[in-house]
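Peer 1: Could you have a look at this structure, given as structure tokens, before my questions?
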Amino acid sequence: MNLILLGPPGAGKGTQSERLMDAYDLVQLSTGEMLRQETKLKSKLGDEAKVLMDAGKLVPDDLIIAMISGRIDDTKGAGVILDGFPRTTAQAEVLDQMLVDKGMQLDRVIQIEIPEPEVIARLTGRFSCAKCGTGYHEVFNKPKVAEICDKCGSKEFVRRSDDNVETARSRLRAYHEQTAPILPYYEAAGRLSTVDGMGGVDQVFARIKEIVEGA
């Protein structure tokens with residue numbers, strides 16, 4: 001099983017990806033993480049990507065596909081969840097061809113939808129333990145004991161400077177601009193499903209699971 005999981009920042013993609021990986025023995029392939037690892041390892045692909053990124057240029061599709069292809073080979077037959085790729089119709093077409101060449105296919109593209117006010121509420125209420133980094137939310141995920149970290153007992157917490165309303169709206173606009181081009185492509189192919197992202201983690205996962213198992 002091979003999936004793409006889409007959703008605006010704060011929609012719970014990370015949490016749901018973890019659930020999917022555990023339930024279906026999938027491997028998450030994040031293009032951002034792959035680029036960081038390849039540059040850290042100083043591989044040939046990583047060196048090429050670093051030169052481009054240092055110059056402020058986009059990493060071309062062929063390099064991204066080469067990295068994805070290599071990681072899929074490393075999974076030894078496990079299914080994958082793609083994160084961060086594709087973002088254009090051209091990239092989607094290249095990805096489809098690469099999977100066909102490997103005797104694979106993309107089974108389902110799942111978009112988690114939540115209203116804009118909810119996106120903003122989720123992003124602007126986040127904070128974390130200054131000592132161990134455990135994440136919390138002032139509404140959805142408070143420490144069990146107020147102002148004390150559940151994990152390490154620290155009383156010091158921090159917030160990201162960019163977790164504010166203006167930045168949240170900007171990130172939401174960027175998401176819609178980046179994902180809008182590929183939605184018609186996958187819809188026309190009959191592979192796009194949309195899930196209501198409101199409710200508890202278990203509720204949302206049950207909706208996703210129903211789509212995945214019906215794919």
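The values are calculated or read from the model by the stated rules, or taken from the named source; none is laboratory data. All of these numbers come straight from a predicted model, not from anything done at the bench. Methodologically, a virtual Cβ is constructed for each residue, glycine included, from the backbone with ideal geometry; neighbour enumeration extends over all protein chains shown.
Peer 1: In the stretch 16-46, what residues are surrounded by fewer than 13 Cβ atoms within 10 Å (Cβ to Cβ) and over 22 Å from the mean Cα position of the chain (by Cα)?
Peer 2: Leu41, Lys42, Lys44
Peer 1: Go through the stretch 41-59 and give me each residue that's outside any helix (DSSP H, G or I) and either polar (S, T, N, Q) or at pLDDT 85 or above (or both).
Peer 2: If the condition is that a residue be outside any helix (DSSP H, G or I) and either polar (S, T, N, Q) or at pLDDT 85 or above (or both), then Lys42, Ser43 are the ones that fit.
Peer 1: On to the next question. Modelled with pLDDT under 95, on the phi > 0 side of the Ramachandran plot and not hydrophobic (A, V, I, L, M, F, W, C), is that true of Gly135?
Peer 2: no
Peer 1: Another question about this same structure. Is it the case, given these coordinates, that Leu63 is part of a loop (DSSP other than H, G, I, E, B) and either under 20 Å from the mean Cα position of the chain (by Cα) or among the acidic types (Asp, Glu) (or both)?
Peer 2: No, not satisfied.
Peer 1: Residue check: is Ser128 assigned to a strand (DSSP E or B) and farther than 21 Å from Asp22 by Cβ?
Peer 2: Yes.
Residue-by-condition table, conditions (1) surrounded by 11 or more Cβ atoms within 10 Å (Cβ to Cβ); (2) within 25 Å of the chain's Cα centre (by Cα); (3) among the aliphatic types (A, V, I, L, M); (4) at pLDDT 90 or above:
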residue: Asn141; (1), (2), (3), (4): yes, yes, no, no
residue: Lys144; (1), (2), (3), (4): no, no, no, yes
residue: Cys152; (1), (2), (3), (4): yes, no, no, yes
residue: Tyr175; (1), (2), (3), (4): yes, yes, no, no
residue: Ala180; (1), (2), (3), (4): no, yes, yes, no
residue: Pro184; (1), (2), (3), (4): yes, yes, no, yes
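Peer 1: All but one of (1) in contact with a strand residue (DSSP E or B) (Cβ under 9 Å, 6 or more places away or on another chain); (2) in a loop (DSSP other than H, G, I, E, B) hold for Arg87, so report the exception by its number.
Peer 2: Result: Arg87 fails condition (1) only.
Peer 1: Please state which one of Leu95, Leu82, Leu63, Leu99 is among the hydrophobic types (A, V, I, L, M, F, W, C) and over 27 Å from Val204 (Cβ atoms).
Peer 2: None of the other options fit; the residue is Leu63.
Peer 1: Say whether the condition of being closer than 30 Å to Val165 by Cα, free of Cβ contacts under 8 Å to residues at least 40 places away in the same chain and loosely packed, with under 14 Cβ neighbours inside 10 Å is met by at least one residue in the stretch 60-77.
Peer 2: Within the stretch 60-77, none of the residues are closer than 30 Å to Val165 by Cα, free of Cβ contacts under 8 Å to residues at least 40 places away in the same chain and loosely packed, with under 14 Cβ neighbours inside 10 Å.
Peer 1: What number of residues within the stretch 128-164 are in contact (Cβ under 8 Å) with a residue 24 or more places away in the chain and under 18 Å from Lys13 (Cα atoms)?
Peer 2: Selection size over the stretch 128-164: 1.
Peer 1: Do you know which residues across the stretch 183-215 are within 15 Å of Asp107 (Cα to Cα), assigned to a helix (DSSP H, G or I) and not small (Gly, Ala, Ser)?
Peer 2: Answer for the stretch 183-215, where residues must be within 15 Å of Asp107 (Cα to Cα), assigned to a helix (DSSP H, G or I) and not small (Gly, Ala, Ser): Leu183, Tyr185, Tyr186, Glu187, Ile208, Lys209, Glu210, Ile211, Val212, Glu213.
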